[in-house]
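Here the structure comes first, spelled out in structure tokens, and everything after it is commentary.
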Amino acid sequence: MANQYKLFNQASNDHLADFFQCNREAAIKELYNAYYKQLITLANGILRDKCLAEDVVQNTFITIWNKRGSLPVPINLKGYLVVCVKRKAYDAIRKEKKRMEQPIPDYEDERMEGMRQRGIEEKEIYSGILKAMKSIPPKQRKVFEQRYLQDLSSREIMANNHLTAQTIKNHMHVCIRIMRKKLKHHYS
């Protein structure tokens, strides 16, 4: 392929156009390999964004390949590619400018509605938790409140209530079982 590339670069514009018109995938690959770096440099100079420049050049080659049957045979193939890339680069600038000029949708109303909805759901869940906690026996509820509402560690709960670690585990197990049972409808 390296020899083909050298021969391709040495060919005249007439031969390049003939090569392009042969309607083979190898032809577009050769054109791509021959002009890609130069076209990237050109597009990057216009766009000042290497990734966008690469997209523009690739899209140019894709468009040429897709329209190869209806395109006229260019007299100067390199000049034709340069013009195509410039047009696509300026189109990209116009699209970006248009996108930047569009007003930003007002998501504040949607966000507030979402927060209000979540607030309602949280109130329902909180209310359900309070109801479920009322059904927990007082000793277990005290341990549960210290652990989850006061955020005390197991050691602190043991010290405050003169309980063993196993007793705290047992109380928590009872509490969690009751809470799951009572709150089941919120999460199903």
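The values are calculated or read from the model by the stated rules, or taken from the named source; none is laboratory data. These figures come from a predicted structure and were not determined experimentally. Backbone-built Cβ (ideal geometry, glycine too); neighbour counts: all protein chains shown. When the accessible area is computed, the model is the full protein with side chains, heavy atoms only, and any ligands, DNA or RNA have been set aside. Shrake-Rupley method; radii C 1.70, N 1.55, O 1.52, S 1.80 Å.
Return the pair list, or none, for Cβ contacts closer than 8 Å from residues in segment 128-143 that are closer than 26 Å to ARG155 by Cβ to residues that are among the aromatic types (Phe, Trp, Tyr) and open to solvent by 90 Å² or more (accessible area, probe 1.4 Å), at least 6 apart or on different chains.
none
Could you figure out which of (1) over 20 Å from LYS182 (Cβ atoms); (2) loosely packed, with under 10 Cβ neighbours inside 10 Å; (3) at pLDDT 85 or above isn't true of PRO138?
Of everything listed in (1) over 20 Å from LYS182 (Cβ atoms); (2) loosely packed, with under 10 Cβ neighbours inside 10 Å; (3) at pLDDT 85 or above, PRO138 misses just condition (1).
Exactly one of (1) over 45 Å from the mean Cα position of the chain (by Cα); (2) of a type in the set (S, T, N, Q); (3) surrounded by fewer than 11 Cβ atoms within 10 Å (Cβ to Cβ) is unmet by ASN161. Its number?
Unmet condition: (3).
Is it true that some residue in segment 43-51 is surrounded by 14 or more Cβ atoms within 10 Å (Cβ to Cβ), over 32 Å from the mean Cα position of the chain (by Cα) and outside any helix (DSSP H, G or I)?
No, segment 43-51 contains no residue that is surrounded by 14 or more Cβ atoms within 10 Å (Cβ to Cβ), over 32 Å from the mean Cα position of the chain (by Cα) and outside any helix (DSSP H, G or I).
Under 9 Å between Cβ atoms, which residue pairs at least 6 apart in sequence (or on different chains) link something in segment 80-106 that is within 14 Å of GLU54 (Cα to Cα) with a partner that is exposed (fewer than 13 other Cβ atoms within 10 Å of the Cβ) and at pLDDT 85 or above?
Close Cβ pairs (under 9 Å, with a partner that is exposed (fewer than 13 other Cβ atoms within 10 Å of the Cβ) and at pLDDT 85 or above) amount to ALA89/GLY45.
How many residues are in a helix (DSSP H, G or I) and open to solvent by 40 Å² or more (accessible area, probe 1.4 Å) when one looks only at segment 54-68?
Number satisfying all stated conditions: 8.
May I ask you to verify whether ILE178 is in contact (Cβ under 8 Å) with a residue 24 or more places away in the chain and out of contact with any Leu (no Cβ under 6 Å at 6 or more places or on another chain)?
In short, yes.
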